[in-house]
Every structure is written in structure tokens, then in C-alpha cells.
Amino acid sequence: MDASWHQSDQVLDRLREKALELGFTAIGVTDPDVSQHVSFLEHWLESGFHGSMEWFERHLDLRKDPTQLVPGTQRVISVRLDYLPENIDCNDILNDPDMAYISRYALGRDYHKLMRKRLKHLGDWFSNEIAPHGFRVFSDSAPLLEKHLAEKAGLGWIGKHTLLLSRSAGSWFFLGELLTDFPLPVSDEHEEARCGSCTACLDICPTSAFPAPYQLDATKCISYLTIEHKGPIPEALRAPMGNRVFGCDDCQLVCPWNRYAAIGDPAFHPRHALDRQPLCELFGWTEAEFLMKTEGSPLRRAGYVKFLENLAIGLGNSHSDTERVIQTLGTKLGQHGPTLDEHILWAIAALQRRASENALGNASARQSNHAHQQAPDAGQI
């Protein structure tokens with residue numbers, strides 16, 4: 001076969017066709033150079049915006065140069081896998097303080113294994129059908145600037161909320177990478193940034209985690225706080241968390257481009273009714289129940305105790321029967337460490353304070369109504 005064929009668009013067409021067959025929704029190819037983004041990454045780290053995610057610093061050299069991660073890399077194949085579940089009304093849950101809001105990406109199967117399995121299949125197919133090549137696959141599991149690589153590969157642009165956006169799919173998708181030593185032609189299609197003057201994602205953030213457009217302070221981000229953060233969540237951020245107990249989607253929910261997002265892979269549709277669970281119900285799970293109902297789920301990332309810590313804050317922000325919620329919280333007090341105890345005691349105090357304020361408000365309203373009823377009619381004076 002003519003070697004020049006390997007450099008033609010026909011190869012990309014066949015690669016794209018196979019990727020779609022495997023369930024990916026978009027694919028692009030780029031070179032591994034990310035040097036133009038290094039200074040931004042260094043500034044982000046120097047600002048401490050990564051919080052306790054020390055692995056960002058530990059593998060900084062690899063992030064700066066993917067060819068150090070996989071020597072011989074000539075191209076990065078970037079893929080998109082959509083995950084938006086169907087018939088999910090996020091606002092219904094967010095507006096019900098007694099329900100648990102779990103980020104949409106975490107309602108179904110963990111994407112890491114699924115993504116890597118499909119990418120491995122794609123790499124093996126390429127070796128068998130196009131040309132032998134050396135490759136490795138990744139999905140949020142290696143020190144790669146995957147959003148920047150995906151942007152270079154033509155899959156979208158990075159929005160003001162720091163997520164990758166696509167005109168055809170919004171931001172409800174996962175990214176995966178296949179690093180290869182084969183000199184594929186790079187994709188020549190690129191999406192122009194189209195955020196314009198819109199700041200909806202920045203304005204909606206419950207904890208003001210965006211110090212500026214295109215900058216995320218993870219130490220204030222609810223996704224970080226409920227998944228990666230170790231120790232007590234800062235008290236000032238607990239009330240703004242509301243009922244968000246694993247991740248947060250607010251900046252995606254308000255993005256106009258997500259109106260165009262398609263329903264994602266069935267593997268990511270909700271399991272165990274995780275899209276509609278009361279906070280009290282989840283807090284009542286034993287560790288055995290948690291392990292059973294989160295098998296193969298991203299929720300395992302947090303672990304049982306961290307999940308309880310998040311739920312305790314959610315219960316502290318709930319509006320249901322105060323006495324019942326306090327009783328539920330008390331069942332876990334003194335059982336799983338000081339951080340959970342701190343969150344439980346904060347929640348109980350918040351519930352009692354709210355109940356007291358409501359009682360005072362009701363008493364004041366009754367007194368006002370009584371005074372109004374007792375006041376003489378002007379015509380009787």
C-alpha cells in the first residue's frame with residue numbers, strides 16, 4: 001500500500017467511522033504540543049487554586065510535555081463520549097431541599113473503564129486495519145491537559161467555566177485520549193470560541209468559585225469540595241452547597257450551548273434511582289448498602305464516609321421535619337470520625353436555628369394579625 005495513503009484524509013475518515021461505531025460521538029487528531037498553555041497552568045498552581053490535589057504539581061513536567069509521558073508520541077487522538085441522561089429535570093431536584101442532587105455524570109456507570117476499553121479497541125483496530133503502531137490510552141487518569149488537547153483537535157473550545165464546549169453538544173461529555181507514535185494527519189477543523197459576552201456560568205456559581213473568566217478556584221468549587229477535599233468543608237461554603245452532595249452542574253445547566261446537547265450513552269443513565277433520592281434515605285445507607293449500590297459508579301471516588309459528610313451538610317440545608325432530620329443525623333454521630341461529627345453538629349445547629357427563626361416569624365405574624373383584628377374600625381372612633 002502506498003505510504004502516502006497513511007497521511008491522507010481517508011485514514012481520518014476510517015478512524016472517525018470506527019470511533020462512531022464504538023460509541024464515541026466525536027474524534028479529532030492533533031500534535032502533542034501544549035507549550036502555549038504551560039504558563040497558565042503554572043499560574044493556576046502558584047495561586048493555590050488546585051487545593052489539596054497535589055498530583056497536579058507532582059507530575060507537572062509530564063503535563064507540560066505529553067511526549068515525556070509516552071515517549072515517541074507523534075499524535076494525540078482525542079475523543080468525545082456524551083453522557084447526558086434522558087428525562088432528567090435537574091432544577092426539580094435542585095429546588096427541592098429535601099432531595100439529594102448528584103452530578104449528572106455520576107448517576108450511571110463510571111466512565112473511566114468504559115472509555116479506556118473502547119479506546120483500546122480503537123487502537124487495536126488501527127494496528128490491524130491501518131498500520132501497526134505503538135499507543136497508550138487515557139481518560140482523566142494521567143497528567144494530560146486533555147481539554148487543551150481536545151480543543152486543538154477540533155472538538156470544541158474552552159468556555160469561561162473552564163469546561164470544553166461544542167456547538168453541537170454543549171458540555172455534557174467525557175474526554176478520552178489515545179497517544180500514538182503513528183504520524184496521522186492532524187484535524188483541520190476547529191471550533192471558534194462562542195461564549196461572547198455571556199457570563200451566566202460565572203454568575204450562577206453558588207460558591208463564587210470563578211475569580212475571573214476561564215479561571216476556576218477549585219478550593220471553592222462544590223465538585224472539588226464534595227469529592228476531592230479532605231477534612232471539614234469550610235463553614236462559609238456549607239449553606240451555599242444546598243443539597244449538592246456529589247459534584248455540581250450549575251455552570252453547565254445555565255449554559256445556552258447545552259440546549260443542543262443530545263442524550264448520551266445508555267451506560268450513563270441513572271442506576272438505583274440516584275437521580276431521585278431523598279437526603280434522609282441516602283444518609284441512612286449502611287456501608288454495605290453504599291458499596292452495593294455504588295458498584296461501578298463514580299460515587300466510589302468519594303467513599304462512604306465522605307459521602308455521609310456531604311449528606312450531613314445537605315440535611316443541614318433541608319426544610320423537612322426538623323425533629324425527624326435531627327434524629328436521622330444523630331444515628332451516625334460518633335461513628336465515623338471527627339469530620340462527620342463536625343458536619344452533623346453544624347447541620348443540627350442550622351436546623352434548630354432555622355426552626356427557631358420560623359417559630360419567631362410565625363409568632364410575630366400571629367401577633368400582627370391579632371392586633372389588626374382587635375384594632376377599632378375608623379368609623380367607630
When segment 205-223 is checked residue by residue, the ones that are surrounded by fewer than 19 Cβ atoms within 10 Å (Cβ to Cβ) and closer than 15 Å to Gly247 by Cβ are Pro206
Residue satisfying condition, being among the polar types (S, T, N, Q) and at pLDDT 85 or above, within set Ser356, Ser368: Ser356
Could we say that Pro85 is closer than 21 Å to Glu151 by Cα and surrounded by 17 or more Cβ atoms within 10 Å (Cβ to Cβ) here? no
State yes or no: is Ser197 more than 16 Å from the chain's Cα centre (by Cα), crowded, with 19+ Cβ neighbours inside 10 Å and outside the structural domain of Glu57 (by TED's automatic domain parsing)? no
Please state which of the following conditions Ala193 fails to meet, knowing it meets all the rest: (1) in contact with a Leu (Cβ under 7 Å, 6 or more places away or on another chain); (2) within 27 Å of Gly28 (Cα to Cα). (1)
Hey, can you tell me all the residues within segment 321-341 that are part of a helix (DSSP H, G or I) and more than 15 Å from Val305 (Cβ to Cβ)? Thr322, Glu323, Arg324, Val325, Ile326, Gln327, Thr328, Gly330
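The rows are residues; the columns are (1) farther than 20 Å from Phe210 by Cα; (2) not in a loop (DSSP other than H, G, I, E, B).
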position	(1), (2)
Pro232	yes, no
Leu237	no, yes
Gln252	no, yes
Ile263	yes, no
Ala267	yes, yes
Pro270	yes, no
Of all residues in segment 208-233 being among the polar types (S, T, N, Q) and out of contact with any Cys (no Cβ under 7 Å at 6 or more places or on another chain), the one that is farthest from Asn310 (Cα to Cα): Gln215
Boolean, Glu177 is touching a strand residue (DSSP E or B) at 6+ places or on another chain (Cβ under 7 Å) and either within 25 Å of His319 (Cβ to Cβ) or not in a loop (DSSP other than H, G, I, E, B) (or both): yes
Mind checking which pairs have a first residue in segment 109-130 that is assigned by TED's automatic domain parsing to the domain that holds Ala19 and without any contact (Cβ under 8 Å) to a residue 24 or more places away in the chain and a second that is of a type in the set (A, V, I, L, M) and surrounded by 14 or more Cβ atoms within 10 Å (Cβ to Cβ), Cβ under 8 Å, 6 or more apart or different chains? Lys120/Val137
Test: Phe210 is part of a strand (DSSP E or B) and aromatic (Phe, Trp, Tyr): no
Cβ pairs under 6 Å, 6+ apart, first in segment 163-192 and assigned by TED's automatic domain parsing to the domain that holds Lys147 and without any contact (Cβ under 8 Å) to a residue 60 or more places away in the chain, second assigned to a loop (DSSP other than H, G, I, E, B) and of a type outside the set (Phe, Trp, Tyr): Leu164/Gly156
Condition set among the basic types (Lys, Arg) and assigned to a helix (DSSP H, G or I), scope segment 274-305, selection nearest to the chain's Cα centre (by Cα): answer is Arg301
Among (1) surrounded by fewer than 22 Cβ atoms within 10 Å (Cβ to Cβ); (2) out of contact with any strand residue (DSSP E or B) (no Cβ under 9 Å at 6 or more places or on another chain); (3) not acidic (Asp, Glu), there is one condition Val186 misses while meeting the rest; what is its number? (2)
Criterion (surrounded by 20 or more Cβ atoms within 10 Å (Cβ to Cβ) and out of contact with any Leu (no Cβ under 6 Å at 6 or more places or on another chain)) met by exactly one of Arg271, Arg238, Arg301: Arg238
I need every pair where a residue in segment 268-281 that is without any contact (Cβ under 8 Å) to a residue 24 or more places away in the chain has its Cβ under 7 Å from the Cβ of a residue that is of a type outside the set (Gly, Ala, Ser), sequence separation at least 6 or different chains. His272/Lys293
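Every residue, every condition in (1) among the acidic types (Asp, Glu); (2) touching a Pro at 6+ places or on another chain (Cβ under 7 Å), yes or no:
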residue	(1), (2)
Leu45	no, no
His50	no, no
Glu54	yes, no
Leu62	no, yes
Glu86	yes, no
Asn95	no, no
Met99	no, yes
Asp110	yes, yes
Leu114	no, no
Under 6 Å between Cβ atoms, at least 6 apart or on separate chains: pull out the pairs that start in segment 203-220 with a residue that is more than 15 Å from Glu235 (Cβ to Cβ) and not assigned by TED's automatic domain parsing to the domain that holds Leu163 and end on any residue that is crowded, with 18+ Cβ neighbours inside 10 Å and of a type in the set (D, E, K, R). Ile204/Asp250; Ala209/Asp217; Ala209/Lys220; Pro211/Asp217; Pro213/Lys160; Tyr214/Lys160
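The values are calculated or read from the model by the stated rules, or taken from the named source; none is laboratory data. From a predicted model like this one, the values you see are computed outputs, not experimental measurements. Counting neighbours? That spans all protein chains shown, and the Cβs are built from the backbone with ideal geometry, glycine included.
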